[in-house]
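K.L.:
First the structure, then my questions, so here it is.
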Amino acid sequence: MTRIIFSILALGLAFSAAAVDLTDAQRAAMEERIKPVGENCMVGDSSCGGAAAAASSGPRSGEEVYNAACMACHGTGAAGAPKLGDAAAWADRIAKGTDVLHNSGLHGVAGTAMMAKGGCMNCSDEEVIAAVDYMVAGSQ
Ligand code: HEC
């Protein structure tokens, strides 16, 4: 009997260890999958956002947010997004000023694939602004 309980415990441990072993790409994919749930959350409710947001302590860095929520378009130029590191594509945008770019990051660009927060509804305003700054810094 004890041995059965023990193996159940060991199995549980093996599972939880596997859960921690996710790569960043898998995490991002997971976040993508749980997004519809997050989108039902009220704006400003910090308890929203699922496991990825709950597990992180404090705001994610601009780079982390970029990798999780912006790279799909800004890493590839998909849907006409200015690519990270493409100084020519960013020059005119950067000339508009940081406030304008932060605003675009937070509220999106009307009529384009750039949605509010790049579609990352579990990103705080602070995290989106950090991601914009990260892209701007890497695209001068
Ligand atoms: C679904 C694709 C997509 C995703 C995901 C996305 N963007 Fe964009 N983004 C775009 C496109 C397309 C544009 C160009 C819009 C235009 O024509 O000005 C853009 C433009 C921008 C601009 C420049 C806006 C301006 O005023 O010139 C900023 C800043 C920006 N995105 C930030 C972000 C951030 C931060 C994220 C992640 C949190 C993100 N984007 C995720 C598609 C995306």
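The values are calculated or read from the model by the stated rules, or taken from the named source; none is laboratory data. In this text the structure is predicted, and so the values were computed from the model without any measurement. Methodologically, a virtual Cβ is constructed for each residue, glycine included, from the backbone with ideal geometry; neighbour enumeration extends over all protein chains shown. Only protein heavy atoms, including side chains, enter the accessible area calculation; ligands, DNA and RNA are left aside. Shrake-Rupley method; radii C 1.70, N 1.55, O 1.52, S 1.80 Å.
Residues checked against (1) of a type in the set (D, E, K, R); (2) out of contact with any Pro (no Cβ under 7 Å at 6 or more places or on another chain):
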| position | (1), (2) |
| --- | --- |
| 86 | yes, yes |
| 89 | no, no |
| 97 | no, yes |
| 105 | no, yes |
| 115 | no, yes |
| 118 | no, yes |
| 123 | no, yes |
| 129 | no, yes |
| 132 | no, yes |
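K.L.:
Under 6 Å between Cβ atoms, at least 6 apart or on separate chains: pull out the pairs that start in the stretch 72-100 with a residue that is near the ligand (Cβ under 8 Å from one of its atoms) and end on any residue that is open to solvent by 60 Å² or more (accessible area, probe 1.4 Å).
P.N.:
Taking only residues 6 or more apart or on different chains, the pairs are 73/79.
K.L.:
Still on this structure, please answer the following. Criterion first (closer than 13 Å to residue 60 by Cα and either free of Cβ contacts under 8 Å to residues at least 12 places away in the same chain or within 9 Å of the ligand (Cβ to nearest atom) (or both)) does residue 128 satisfy it? Reasoning before the result, please.
P.N.:
Details: closer than 13 Å to residue 60 by Cα: yes; either free of Cβ contacts under 8 Å to residues at least 12 places away in the same chain or within 9 Å of the ligand (Cβ to nearest atom) (or both): yes.
Answer is yes for this residue.
K.L.:
Restricting attention to the stretch 36-57, does a residue exist that is out of contact with any His (no Cβ under 9 Å at 6 or more places or on another chain) and at pLDDT 65 or above?
P.N.:
Initially, the stretch 36-57 is screened for residues out of contact with any His (no Cβ under 9 Å at 6 or more places or on another chain), giving 36-57.
Those left that are additionally at pLDDT 65 or above: 57.
Checked the stretch 36-57: at least one residue is out of contact with any His (no Cβ under 9 Å at 6 or more places or on another chain) and at pLDDT 65 or above.
K.L.:
Quick test for you: out of 95, 110, 88, pick the one residue that is over 18 Å from residue 134 (Cβ atoms), open to solvent by 90 Å² or more (accessible area, probe 1.4 Å) and at pLDDT 95 or above. Break it down into steps so the answer makes sense when it comes.
P.N.:
Numbers: 95 fails: open to solvent by 90 Å² or more (accessible area, probe 1.4 Å); 88 fails: open to solvent by 90 Å² or more (accessible area, probe 1.4 Å).
Going through 95, 110, 88 in turn, just one is over 18 Å from residue 134 (Cβ atoms), open to solvent by 90 Å² or more (accessible area, probe 1.4 Å) and at pLDDT 95 or above: 110.
K.L.:
Does residue 67 satisfy being of a type in the set (S, T, N, Q) and surrounded by fewer than 19 Cβ atoms within 10 Å (Cβ to Cβ)?
P.N.:
Details: of a type in the set (S, T, N, Q): yes; surrounded by fewer than 19 Cβ atoms within 10 Å (Cβ to Cβ): no.
Spelling it out, it is not the case that residue 67 is of a type in the set (S, T, N, Q) and surrounded by fewer than 19 Cβ atoms within 10 Å (Cβ to Cβ).
K.L.:
For residue 110, indicate whether it is aliphatic (A, V, I, L, M) and not in a loop (DSSP other than H, G, I, E, B).
P.N.:
Details: aliphatic (A, V, I, L, M): yes; not in a loop (DSSP other than H, G, I, E, B): no.
In short, no.
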